[in-house]
1. Yes or no: region 67-75 includes at least one residue that is at pLDDT below 90 and either within 23 Å of Ser36 (Cβ to Cβ) or charged (D, E, K, R) (or both).
2. Is there any pair with a first residue in region 92-106 that is within 23 Å of Leu135 (Cα to Cα) and a second that is in a helix (DSSP H, G or I) and of a type in the set (Phe, Trp, Tyr) whose Cβ atoms are under 6 Å apart and which are 6 or more apart or on different chains, and what are they?
3. Among the residues of region 34-70, count how many are assigned to a helix (DSSP H, G or I), of a type in the set (Gly, Ala, Ser) and under 14 Å from Tyr132 (Cα atoms).
4. Looking at region 80-101, is at least one residue surrounded by fewer than 18 Cβ atoms within 10 Å (Cβ to Cβ), at pLDDT below 90, of a type in the set (Lys, Arg) and under 17 Å from the mean Cα position of the chain (by Cα)?
5. Considering only residues that are aliphatic (A, V, I, L, M) and free of Cβ contacts under 8 Å to residues at least 24 places away in the same chain, which ones fall in region 120-144?
6. Condition first: loosely packed, with under 12 Cβ neighbours inside 10 Å and either within 19 Å of His77 (Cα to Cα) or aromatic (Phe, Trp, Tyr) (or both). Now tell me which residues in region 112-162 satisfy that.
Amino acid sequence: MSRKTCIPVLAGVLALAAALAHAAEPTAPSRALQLSPGVKALLTAEMVEIARGVQGMTLSIASADWASIQSISTRIHASYILERQLTPAQAEELERALPERFKELDAEFHARALRLGAAAAAHDAELVVYQYSRLIESCTACHAAYAAARFPGFAAPTSHAH
């Protein structure tokens with residue numbers, strides 16, 4: 001990647017990451033998921049894996065490390081909780097407890113991880129930055145809708161009477 005391309009790409013990645021981290025506004029009040037401790041632990045483990053990958057990807061994008069971006073994207077996609085080995089009871093619990101919109105957001109997130117990996121395979125810096133921004137957008141949309149208690153910045157502002 002040339003210097004001429006690298007600086008705008010790096011600036012774009014950093015600006016998008018910062019902006020998207022605070023941009024999502026919930027369309028409805030946040031709804032905490034009601035899950036058993038075992039299933040909640042599986043979901044938490046998936047989120048930890050994803051967070052590590054997303055955080056590591058910023059440097060990989062800024063340095064045009066295409067192989068690393070592809071590897072991280074593949075690992076993110078593979079972390080898909082609905083594709084894991086679950087007991088029949090856990091699978092039934094997830095099917096019952098997860099709202100359809102959550103499932104849609106989760107599937108969209110993992111599909112975006114694959115598109116990000118494909119952009120990296122093509123060595124297309126601009127498309128990689130775009131797909132990364134869409135990946136982060138998926139995170140913020142889901143966190144705003146389902147995890148505002150964990151991420152209070154997504155909670156609707158309270159109005160103050162004067």
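The values are calculated or read from the model by the stated rules, or taken from the named source; none is laboratory data. Please read these numbers as outputs of a predicted model, since none were measured by experiment. Positions of Cβ are generated from backbone atoms using ideal geometry, with glycine treated the same way; all protein chains shown enter the neighbour counts.
1. yes
2. Phe102/Tyr146
3. Result for region 34-70: 6.
4. No, region 80-101 contains no residue that is surrounded by fewer than 18 Cβ atoms within 10 Å (Cβ to Cβ), at pLDDT below 90, of a type in the set (Lys, Arg) and under 17 Å from the mean Cα position of the chain (by Cα).
5. Scanning region 120-144 gives Ala122, Leu127.
6. Passing the criteria: only Ala122.
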